[in-house]
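Notes for the one structure printed next.
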Amino acid sequence: MEFPENLLYSEDHEWVRDEGSRATIGITDYAQNQLKDIVYVDLPEIGSEFKKGESMGVVESVKTVADIFSPVSGKVIEKNLELKDHPEWVNTSPYGKGWLLRMELKEKGELKELLSSKTYQGKISEES
Amino acid sequence: MEDYLRYLPHTKEDVREMLEAIGTKSVENLFEAIPKKFRLSKPLNLPQPLSEPDLIRHLEGIQSQPYISFLGGGAYHHFIPAVVSHLISRSEFYTAYTPYQPEVSQGTLQAIFEYQTLMCQLTGMEVSNASMYDGASSLAEAVLMAQRITGRKKILLSQSVHPEYRKVIQTYIDPDEQEIVLIPYLKGKGRTDEKAMVQCLGQDVGAVVVQNPNFFGVIEDFKNMGEKVHQTGGLLIVCFSEAVAYGILRPPGECGADIVVGEGQSFGIPVSFGGPYLGIFTTNEKYIRNMPGRLVGETVDLEGKRGFVLTLATREQHIRREKATSNICTNEGLCALMATIFLSCLGKEGLRELALMNLNKAEYAKKVVSGIRGCKIAFSAPTFNEFILKVDGDPEKVLEKLKEKRILGGLSMEKFYPELNHHLLVTVTEMNTKEEIDQWAEELEKALKSNSPIVT
Amino acid sequence: MTTHKENIVKKINDTGLIQDEPLIFEQGGEGRRGYSLPKWDVQKVEAKQVIPSHLLRKELTGFPQLSEVDVVRHFTRLSQWNYGVDNGFYPLGSCTMKYNPKVNEEVAKIRGFAQVHPYSPQEICQGILKLMYELENYLAEITGMDDVTLQPAAGAHGELAGLMIIRAYFRDRGERRSKILVPDTAHGTNCSSSTVASFRMVGIKSNEKGILSAKQVDEQMDDQVAAIMVTNPNTLGLFEEELGEIARIVHQRGGFVYCDGANLNALMGIVKLGDLGVDMVHLNLHKTFSTPHGGGGPGAGPLAVKKELTPFLPVPVIEKAGETYRFNFDLPKSIGKIRAFYGNFGVMLKSYAYILSMGAEGLKKVSEMAVLNANYLMKRLKDYYHLPYDWPCMHECVFTDRNQEKYHINTLDIAKRLIDYGFHPPTVYFPLVVKGALMMEPTETESKEGLDRFIETMITIAKEAEENPDLLREAPSRVKVRRLDEVLAARKPKLRWTGKNPNNQIPNRNSPSPPLNLRGGWGAL
């Protein structure tokens, strides 16, 4: 499994790419591996706002549903519409084609609360 | 008498060997976890067990006697082909569980897939679930679904929707959150007052609910209403209680309906004093994830062969739990199978002809009864197989007289609609012969003559 | 030849008695008919003469045209791909797949029941009303409650009615309680019913013994809790020993104890739920009371309540005055109606016949044998499968796949291999509190030799897991269809026949994945 070093990670297994005042968000390789074949992704409306930790939507596999918890506070400005026809990209390319959405950050300081790749990996090995 | 032991195979020897394997002396010890103070010391107060022949004798003794029936209003006497009862008696169908293990349930699953297809073809919608409890609760779930989709609570509900269906909607929606506006019907036509409905429309209305044919048997014309509610962002929900009507009526899916639900009892299911029946629930693909109930989908197996499975289960209670689209688990699987077999027998031409026969029998009844003094067809709009008859005199007394002649002549409307206090709902199906209809009319005339004040 | 007929002639994959069979839409043909209607004795007028043509349909597009022979062969073949209780052992936990007595099927066909319209005048339905009234009394007696409604169409429907009654009770007193306590071992319907009834579900964890602890309930019980929903015995097959104390705690703060009665098969004639402090319980006639499951219903879920809650029952209720039975619709505090008419009478009739056939003695024996069978299974299998709670169970027991993990075999593999040996698998991956759960409920109608055969098979499978695990991973193989691609079914839902060719996609070579407890986020990982 991969955990690119240039990304930040949340305890709820989302990844965040810092793009200045914005951020791209997805779920980690570990998460997609646990869920197995993803069949559907339910993403929020563009323009909707979320506080850090709030559920924004869900990722579904055949027999499970998992919430996508917002790793930061902000407003949704873009979402990956391709996932409607290609939910499997979240499995095959969780950091690339399988990105979920892009947010305008409300509180840039929150990024400091996220984990580095190393810390996140340490956390995962603790859990298993 | 211990005839019930035919369902309990354990011999004394079996019990002894099993207790030995478990390592305990008596069966009673197995219940040690139950605190002694709660253990029952005397047997339950139930009647002595009956043998099979005595059971049959007892039940045959308390059955109702047959009458000629002109009753409808949400449950309909239709012919059930012998094939239907014969095939559903196959125990592989009726003793099977919900098809969670698809490899050993392809029979049930393929039959449900066929049912889902037939329901879509019937209603003109894109997707059907595998059944719900009955027409009334399906309608309530449709209303809840529309509220979820639009985020709006307010519902415009036609007064010509079946009164019991309306009561169920009121029960299902939290009384604190209820905003149901009752739209009146036109007193002359018997149809929903479209003007009144349009006046109530707004950005806060989640859905408009109409029934077709409505409780009075009248055929509604709702395409316009649908367009108007869509303009304000609401949904059109159409329900029905007489499914046979769609052998000739235009499918609501072609008239802008967003959710079409109804009662499927007319399709091969006996009236059986009110249940079990069949809740039909259909909608369009864009609302699939908001839909309650089970769904069967087509797929392939490891060898590429076509097969069927329960799918999109993440909407349901056993996975989504408190966030499920509904709490429904057991539905009306065998009833859906009955409907599927029924429709397979009737097919394209048969359902149409059945519907036509119902229409014509009712038209005949209307014609015959129009000639009777003291009787009037209450509504002018076209009807299917039910109509409202206005009588001079007390409708209960009239029905009483008919009952003495072993005819259940209709349903008094007063308890449902206080303003219809001289009215009867009369239902005629293919099961009413011309002789029966003539007899009914004759007895009706007699009953009215004896009731009416002397007229000079 | 038409395409339809070509398909029939070219039928593929017939394997002896397991024949392939297309959809009804893929066979038959123009002009075939399978129906017979009464003769036309009134004038036949075209629909458009009576109804404006814009309200009429053109035709029933896509509807099949089949002969009676086509229909009978079609559904007979379909039935042969199914497995029912009459085929063999069906140890689904919490489903109580007991034998369905055939006399019950016969009596349901009696014309004076099956052909009676629900709006018939009550004077001519006295036998039916008496039957329903007596059934209510029997169910109240068995559960130790005061009054019963037969209106709910299924267990979940009964739960919903029960929660609506609780909601109405508190509102009637001017109280607004928002919470329902639900154990982690609860059926999914308990959670979803709570939400539909506008409550917020608050989870309670079971303790290390697998049951609820009174202390835990005490900590979470407050004035905002309307009720606790328990299942007794619970879905681990264990008797909730502390229920008496739990009920006392809940009652003290003004709440109610709702019991999911799905597991009643363990308790009849042994203990009454009402005596344990339960205020309301729904029953599943299609489980405990032997009515058939029907491939997913119809069932019936009567709700029994203590008299405090009687005023809120759905209408109508049945009353007896002298020797006359009647419906009473006049209950001002009633929650209303949860369906049209009165309930699934056709199902009630079968359970009534069952209770009359068994009597008090018979029902007690049912529970005793059900519990004996489950303990026997548990004892004989515990050396081969991991038993998370190793003490006497009630009518069902739960194992896990932990012993087989080292061979990379999971619960799903074990279940699918059972199919090859002619058994319907037990319930898998439920309850959620146990990882890889295998929940088995043998019921009382299984003979000792039937159980022994199952036990021997499970032991064989345990050995196969060790010595030849591929047999499990590739299972089932002796079936109509092998493991199905559920991922494809969910990604590209095809929910009706549209006339296009069946899916010819390359099968997904990954086995369908087992469900993980990821409810509510990633915390459970």
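The listed residues are B:Gly293, B:Gly256, B:Gly264, B:Gly275, and the only one of them that is within 18 Å of C:His157 (Cα to Cα) and more than 8 Å from chain C (Cβ to nearest Cβ) turns out to be B:Gly293. Do the conditions hold for B:Leu87, that is, is it surrounded by 22 or more Cβ atoms within 10 Å (Cβ to Cβ) and more than 7 Å from every other protein chain (Cβ to nearest Cβ)? Judged against the criteria, B:Leu87 is not a match.
One line per residue, one yes/no per condition, for (1) aliphatic (A, V, I, L, M); (2) out of contact with any helix residue (DSSP H, G or I) (no Cβ under 9 Å at 6 or more places or on another chain); (3) not in a strand (DSSP E or B):
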residue	(1), (2), (3)
C:Ile142	yes, no, yes
C:Leu160	yes, no, yes
C:Leu163	yes, no, yes
C:Ile166	yes, no, yes
C:Gly174	no, yes, yes
C:Val182	yes, no, no
C:Ser193	no, no, yes
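Of all residues in the range C:133-149, those that are free of Cβ contacts under 8 Å to residues at least 40 places away in the same chain have Cβ atoms under 8 Å from Cβ atoms of residues that are not polar (S, T, N, Q), 6 or more apart or on another chain, in C:Asn137/C:Val148; C:Glu141/B:Leu44; C:Glu141/B:Leu46.
Filter the range B:154-197 for residues that are crowded, with 22+ Cβ neighbours inside 10 Å, within 11 Å of chain C (Cβ to nearest Cβ) and in contact with a Leu (Cβ under 8 Å, 6 or more places away or on another chain) and give the result. Once the filter is applied, which keeps residues that are crowded, with 22+ Cβ neighbours inside 10 Å, within 11 Å of chain C (Cβ to nearest Cβ) and in contact with a Leu (Cβ under 8 Å, 6 or more places away or on another chain), the range B:154-197 yields B:Tyr165, B:Arg166, B:Val168, B:Ile169, B:Tyr172.
For the range C:448-480, the set of residues classified as under 28 Å from the mean Cα position of the chain (by Cα) and outside any helix (DSSP H, G or I) consists of C:Ala475, C:Pro476, C:Ser477, C:Arg478, C:Val479, C:Lys480, listed by residue number. Could you please find all residues in the range C:460-469 being more than 10 Å from C:Arg417 (Cβ to Cβ) and either modelled with pLDDT under 95 or of a type in the set (Ser, Thr, Tyr) (or both)? Residues satisfying the conditions do not exist here. One residue alone among C:Leu432, C:Leu363 is within 12 Å of chain B (Cβ to nearest Cβ), surrounded by 19 or more Cβ atoms within 10 Å (Cβ to Cβ) and modelled with pLDDT under 95, and that residue is C:Leu432. Taking each residue of the range C:107-126 that is without any contact (Cβ under 8 Å) to a residue 60 or more places away in the chain and closer than 11 Å to B:Pro270 by Cβ and looking for partners that are of a type in the set (Val, Ile, Thr) and crowded, with 20+ Cβ neighbours inside 10 Å with beta-carbon atoms closer than 9 Å, six or more apart or interchain, yields C:Gln115/B:Val271; C:Val116/B:Val271; C:Val116/C:Ile128; C:His117/B:Val271. Across the range B:402-456, the qualifying residues are those that are at pLDDT 95 or above, of a type in the set (A, V, I, L, M, F, W, C) and more than 25 Å from the chain's Cα centre (by Cα), and the one among them that is surrounded by the fewest Cβ atoms within 10 Å (Cβ to Cβ) is B:Ala441. Could you tell me whether any residue of the range B:357-375 is touching a residue at least 40 places away in the same chain (Cβ under 8 Å), under 30 Å from B:Gln147 (Cβ atoms), facing chain C (nearest Cβ under 7 Å) and out of contact with any helix residue (DSSP H, G or I) (no Cβ under 6 Å at 6 or more places or on another chain)? No - not one qualifying residue is present in the range B:357-375. From the list C:Gly297, C:Gly255, the one residue that fits, being crowded, with 20+ Cβ neighbours inside 10 Å and at pLDDT 95 or above, is C:Gly255. Look at the range C:175-198: where a residue is more than 8 Å from chain B (Cβ to nearest Cβ) and touching a residue at least 40 places away in the same chain (Cβ under 8 Å) and a partner is of a type in the set (Phe, Trp, Tyr) and in a helix (DSSP H, G or I), sitting 6+ places away or on another chain with Cβ atoms under 6 Å, you get C:Arg177/C:Phe170. Within the range B:1-58, being in a helix (DSSP H, G or I), β-branched (Val, Ile, Thr) and closer than 25 Å to C:Glu141 by Cβ holds for B:Val27, B:Ile56. Here is the figure for the range C:392-420: residues that are within 14 Å of chain B (Cβ to nearest Cβ) and either in contact (Cβ under 8 Å) with a residue 24 or more places away in the chain or closer than 15 Å to C:Ile461 by Cα (or both) total 15. Against the numbered list (1) more than 27 Å from the chain's Cα centre (by Cα); (2) without any contact (Cβ under 8 Å) to a residue 24 or more places away in the chain, B:Gly350 comes up short only at (1).
The rows are residues; the columns are (1) outside the structural domain of B:Ile269 (by TED's automatic domain parsing); (2) touching a residue at least 60 places away in the same chain (Cβ under 8 Å).
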| position | (1), (2) |
| --- | --- |
| B:Gly72 | yes, yes |
| B:Thr95 | no, no |
| B:Tyr100 | no, yes |
| B:Gly107 | no, no |
| B:Ser128 | no, yes |
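In the set (1) under 14 Å from the mean Cα position of the chain (by Cα); (2) not in a helix (DSSP H, G or I), A:Gly47 fails one condition alone, (1).
Just one of (1) in a helix (DSSP H, G or I); (2) at pLDDT 95 or above; (3) farther than 16 Å from B:Glu103 by Cβ fails for C:Thr445. It is (1).
The values are calculated or read from the model by the stated rules, or taken from the named source; none is laboratory data. As the structure is a prediction and not an experimental result, all values here were calculated from the model. Neighbour counts are summed over all protein chains in view; Cβ atoms, including those assigned to glycine, are modelled from backbone coordinates with ideal geometry.
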